[in-house]
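Here is the structure we will look at, set down as structure tokens.
Computed from the coordinates by the stated procedures, all read-outs in this text should not be read as laboratory data. Because the structure is a prediction, the values reported are computed rather than measured. Positions of Cβ are generated from backbone atoms using ideal geometry, with glycine treated the same way; all protein chains shown enter the neighbour counts.
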Amino acid sequence: MAVLLLGSPEPETTFWLAKDVILIPIFNDWESVALLIPQLDRSLSTAKRTAEIILVDDCSGARPDDLAIGEPLSAITSIDVLTLARNLGHQRAIAIGLAYVAMRRPCRAVVVMDGDGEDLPSDVPRLLNAFDQSEGKSVVFAKRTRRSEDAMFALFYRLYRVAHWVLTGIRVEVGNFSVVPYAVLRELAVVSEMWNHYAAAVTQARVPRTLVPTVRGKRLAGQARMNFVSLVAHGLSAMSVFADRIGVRLLAMTGILVSLLFIALVITVSIRFLTDIVIPGWTTLGLGFLAVLLVQTAILSMVFMFMIQMGRAGSSFIPARDYAMFVDSVRRVWEKT
């Protein structure tokens, strides 16, 4: 029977803080995660670590009663499925899962990873080792040194990274694969930007980060769902976290453009009345064109300012407060005996 646990967390104890939780968002990818879990168990066993797994089911169409793992597990102590009431998308599924852990499952750290195998299970102990070395004071992210997508996807991804850097001044170096200390997780649980993009929210919250070089693996089963449309939507979600920063940069750029247009307008008028240069229709055309650009740029600047103020004044999703509305059930599908 499914059991839904909501509310504030139990008091922290040494027992709770001794465990690690692995959070994996899933959408119709049960075959891949069934292959991933044994690999993850072997990697943890070799490193002499243990962990619990929470699968965040993003309202999948197919929901198996159990996972056909196919071999005994030793390092993994339990597997829970947190089912969402509706499909929210990858990033928001992560936000709900992290808020649930923050509020109901106190632990030492949370490993966030995908369930398709592209986040290599062998890298989990490496990230946890870096977490130990930081004494639990920073979020440890996997930094991709090589990707496995085709050339077209890689091209668009590179263009997205350039656009992100130009608009925000921040380089895209990491994805979701990471280890979050529980103390930091409690802070992130009240960061509204997590609703749009987890990694960007960590950056926006100015949480200390540690980067560990990794290589992206290959999907274990099925087909990748990230296409051009998904990439654009993902990129816009990431950049929306930095709306204030982008708005200020665009406002500064439009201010510079207004100044240049005003200078061009002054030069045009000066040429017309202070020199003997005569070009029929040139002054009228130039003044009209520059005046239109000047007005449009000024309007654009005002729109940016209003957007920034509306974004600050509007109500936001707070994961710790609002996550329960999207949780349908939490059930344990496997437990070590």
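Taking 0.36 nm per residue of sequence separation and removing the Cα-Cα distance, the Ala252/Glu173 pair yields an extension gain of 25.9 nm.
The simple Förster model, with R0 at 35 Å and r as the Cβ-Cβ distance, assigns Val215 and Arg332 a FRET efficiency of 0.55.
The calculated P(r) of region 52-191, using every Cα pair and 10 Å bins from 0, goes 9, 33, 37, 18, 2 in percent.
A straight chain from Phe156 to Glu187 at 0.36 nm per residue would run longer than the Cα-Cα distance by 7.8 nm. In terms of surrounding Cβ atoms within a 10 Å radius of their Cβ, Val139, Val172, Val229 rank from fewest to most as Val229, Val172, Val139. Summing charges over neighbours of Val191, with a neighbour being any other residue whose Cβ is under 13 Å away from its Cβ, gives 0 when K and R count +1 and D and E count -1. When you count the other C-beta atoms within 10 angstrom of each residue and take the mean per peptide, 258-269, 191-202, 40-51 line up highest first as 191-202, 40-51, 258-269. Around the amide H of Ser78, modelled in the peptide plane, lie the amide H atoms of Ile53, Lys336, all under 5 Å away and 5 or more residues distant in sequence or on another chain. Give me the one-decimal nm value for the distance between modelled label points at Arg206 and Val295, 7 Å along each residue's Cα-to-Cβ direction. Result for the modelled spin labels: 4.3 nm. Put simply, the amide H of Asp328, placed in the peptide plane, has neighbours under 5 Å in Thr83, Leu84, Ala85, leaving out anything fewer than 5 places away on its chain. Assuming R0 = 35 Å, can you tell me the calculated FRET efficiency for the pair Ala264 and Lys143, based on Cβ-Cβ distance, to the nearest 0.05? Rounded to the nearest 0.05, the efficiency is 0.20. Which of the lysines could be linked to Lys218 by a straight reach, that is with a Cα gap under 26 Å, when you skip same-chain ones fewer than 8 residues away? Qualifying lysines at Cα under 26 Å: Lys48, Lys143.
Region 180-218 and region 73-108 have Cα centres lying 15 Å from one another. Measuring spread by the Cα atoms of region 16-110 yields a radius of gyration and Dmax of 13.2, 37 Å.
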